[in-house]
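For reference, the structure discussed in these notes is given below.
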């Protein structure tokens, strides 16, 4: 007889070793002709040799299966636009055109490929393994989910200033896969009732050559503004500006879900200003090179994003001092260097506070993602005490900065902004409803509650509490300039259902501004409404 426990230990050790070598679907056993695994009887007679049978899945078929609005249902299998996904798969049937043996399922290589494909904002790719018609073979399916390539939206928010009107309207277009090169076109028009403040913003990004890790982007904008839009509510000048530039993007590191990109580019900026108080008009052109790093990590439980960038106006680009002074601020430097950053991290509390209970699918009440914390730190630093032109200063106050203060109420060469926010996603805490068809909406099945453990409803109602802080610093400060600290706190609610989004935040100012334009205890209600179609 053979000790079954010893034999099972040997087989398990083999499985663990091959799994550690990044293979998936490993199975080890003995041949039934030698050992009866039920009784442990040794059937080899006098033979002392023991044959072990080690099986691992080998991919014999590779497919792409499309879902979503981009590809018609009848064309979902192996659509031509997904040929590149199949061609560049790190796992493929033996005998593929490149001659390499890649039919063993290497899980880390597969996971890395899926994460890289899913970086596109309108695409999510997963993998599924199933038995193929070939004995011992496996079919690898790439499940490619893509939304409508064309998305239009309209938005209204009270993010304007007192001088130009409280309300801003935004009309946008996003077109993905315009040329089937994983490209993205974005166009926006922002206005204040088509009156004093208007802006156009556009960008286009695509692959550089045949390498997924190299991309390039071109961008441009035009806007007209008043002094209050730049953080100078007490001054009286108007102007317009346009810029155009390009950027090269290289993915220099991928570690599991972490991606680090190198960014290098430049933009040309033209500024026109009409100072109505001193009856002076001016114009200037600037060339602003940029270099930076961008990092991101996205999982179901947390999202981390960071951008750090240097931007400078080189000294060899000559700008007349008189023109500089006419741009809305006295004595700005003709060359400068700024460090700009935008860091954010959001995570759900359930996997952090009680990971064991969250990972247990039998306890639906603790296996939710309803309680979220979001942290953000943004700003810029002007080196060498440089005084910047108003169009390059950091601006604080308002919906996207410090809630509870008027929009763009303070500005400075150096800006520090931080946010801590708690979000409670109410519908995700509802009891599981396995049959969403019982609650139809507009004639279609609708998930008012999660359909299964870890699932998400088709809508969201977010209750939030927040604290925002900002500090602005004016270099070589003049007598009428102030360095201000803004502290705001408040509550908010946000509804997302279908293509509709409505958000209301009520913020309270907790710190006076030095010019007494805002006092502690005052409040602002910030409103945002969007419709995507």
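Worth pointing out:
- Annotation: the residues 516, 296, sorted from fewest to most other C-beta atoms within 10 Å of their own C-beta, follow the order 516, 296.
- With Cα atoms, 0 to 90° folded angle of helix 107-117 axis to the chain main axis: 30
- Percent RCO, i.e. relative contact order, over region 59-146, from Cα pairs under 8 Å lying at least 6 residues apart: 39
- Least to most buried among 224, 12 (fewest other Cβ within 10 Å first): 12, 224
- Among 43-56, 406-419, 189-202, the order from most to least packed when residues are scored by Cβ within 10 Å on average: 406-419, 189-202, 43-56
- Bridge orientation summary for the chain: considering DSSP beta bridges with both residues in this region, about 95 percent are antiparallel.
- Kirkwood hydrodynamic radius of region 59-146, from inverse mean 1/r over distinct Cα pairs, in Å: 13.4
- Angle of helix 4-20 to the longest C-alpha principal axis of the chain, folded into 0 to 90 degrees and rounded to 10: 40°.
- Antiparallel DSSP beta bridges within region 59-146, percent to nearest 5: 55
- Structure-derived semi-axes √(5λ) of the Cα gyration tensor in Å: which label, when the choices are (1) 55, 27, 23; (2) 83, 42, 20; (3) 45, 28, 21: (1)
- Contact order relative to length of the chain, as percent, for alpha carbon pairs under 8 angstrom and 6 or more apart: 8
- Distance from region 361-434 to region 462-533 (C-alpha centre basis), Å: 10
- Likely footprinting exposure, 67, 5, fewest C-beta neighbours within 10 Å first: 5, 67
- Restricting the calculation to alpha carbons of region 4-55 gives Rg and Dmax of 12.1, 37 angstrom.
- Solvent-free Debye scattering, log10 I(q)/I(0), computed from the Cα coordinates of region 128-195 at q = 0.15, 0.20 Å⁻¹: -0.69, -0.85
- In terms of its C-alpha gyration tensor, region 242-285 has a prolate overall shape, because the principal axis ratio a/c (a ≥ b ≥ c, square roots of the eigenvalues) is not below 1.5 and a/b outweighs b/c.
- Here the sum of -39500 (n - 2.57) over DSSP H runs of 4 or more residues, divided by the residues of the chain, equals -2500 deg cm²/dmol at 222 nm, to the nearest 500.
Computed from the coordinates by the stated procedures, all read-outs in this text should not be read as laboratory data. Small disclaimer: the values here were computed from a predicted structure and weren't measured. With ideal geometry, Cβ positions are generated from the backbone for all residues, glycine too; neighbour counts draw on all protein chains shown.
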